[in-house]
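**Q** Below is the structure I would like to discuss, written out as structure tokens.
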Amino acid sequence: MPIESIALQVVTPDRRVVEESVEEVQVPGDQGYLGVLPGHAPLMTELGAGMLSYRKGATWYYLTALRGFAEVLADRVTVLAERAERAEEIDLGRAEKAAARARERLGRLQDPEVDWARAQAALERAMVRVQVAAKAGSALTEGHRPEI
Ligand code: ATP
């Protein structure tokens, strides 16, 4: 029998963010986005900081997936993310403030107090959150791939 769905689980150290039977997943791998349909070849990948999207029927859903690992099997995708938030959960104002704070820190080029890598990671998280928050409430119909 052909495999027609994927058991998607997205978990963080704190909670289970998604547990759904879905038809398609796009995973933000550290080398770029990976499209997964039922029956995909098994693989493991590190996650970058990006948008994870999945399709259930004709509707796409979006969340942040910020660092971690994903395992892809023919009928299962398991994502262990350091942080993950559904689009609807994201506080846009908070993310915009975090981005502004990080940009301000990154602008202080001569300041030895600034932890450059930490500020860059914070900016990256905030920018992904802003991008994913914009998807809240948007249901795309089948045939339209999510814009990444
Ligand atoms: P901030 O400076 O606003 O705390 P941050 O990137 O440092 O942002 P994290 O350490 O990544 O925050 O996250 C801490 C917790 O807060 C995590 O559980 C994360 O999911 C949640 N979180 C962070 N920013 C947001 C946001 N804008 N909306 C909703 N939840 C958020």
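**Q** If one computes the Cα centroid of the range 51-87 and of the range 1-42, what distance in Å separates the two points?
**A** Cα centres, the range 51-87 to the range 1-42: 6 Å.
**Q** How much of the accessible area of the range 6-88, in percent, comes from carbon and sulfur atoms when a 1.4 Å probe is used?
**A** 49
**Q** Using only Cα atoms, figure out Rg for the chain and give it as a multiple of 2.2 N^0.38 Å.
**A** 1.12
**Q** Another question, if that's okay. Treating only the Cβ atoms of Lys and Arg (+1) and Asp and Glu (-1) as charged, compute the dipole magnitude of the chain about its Cα centre; round to the nearest 20 debye.
**A** 420
**Q** Let me ask you something else. Please work out the average accessible area per residue across the chain, using the 1.4 Å probe convention, and give it in Å².
**A** Heavy-atom SASA per residue in the chain reads 57 Å².
**Q** How much accessible surface area, in Å² rounded to 10, belongs to the heavy atoms of VAL11 with a 1.4 Å probe?
**A** Counting only protein heavy atoms, the figure is 30 Å².
**Q** Along the positive direction of the dipole of the chain (beta-carbon charges: Lys, Arg +1; Asp, Glu -1; about the Cα centre), which of MET127, VAL36, ALA100 reaches farthest?
**A** ALA100
The values are calculated or read from the model by the stated rules, or taken from the named source; none is laboratory data. The structure presented is a predicted model; accordingly, all values stated were derived computationally and were not measured. Quick reminder, even Gly has a Cβ in these numbers, built from the backbone with ideal geometry, and neighbours come from all protein chains shown. To get the accessible areas, we keep the full protein, side chains included, count just its heavy atoms, and leave off ligands, DNA and RNA. Shrake-Rupley method; radii C 1.70, N 1.55, O 1.52, S 1.80 Å.
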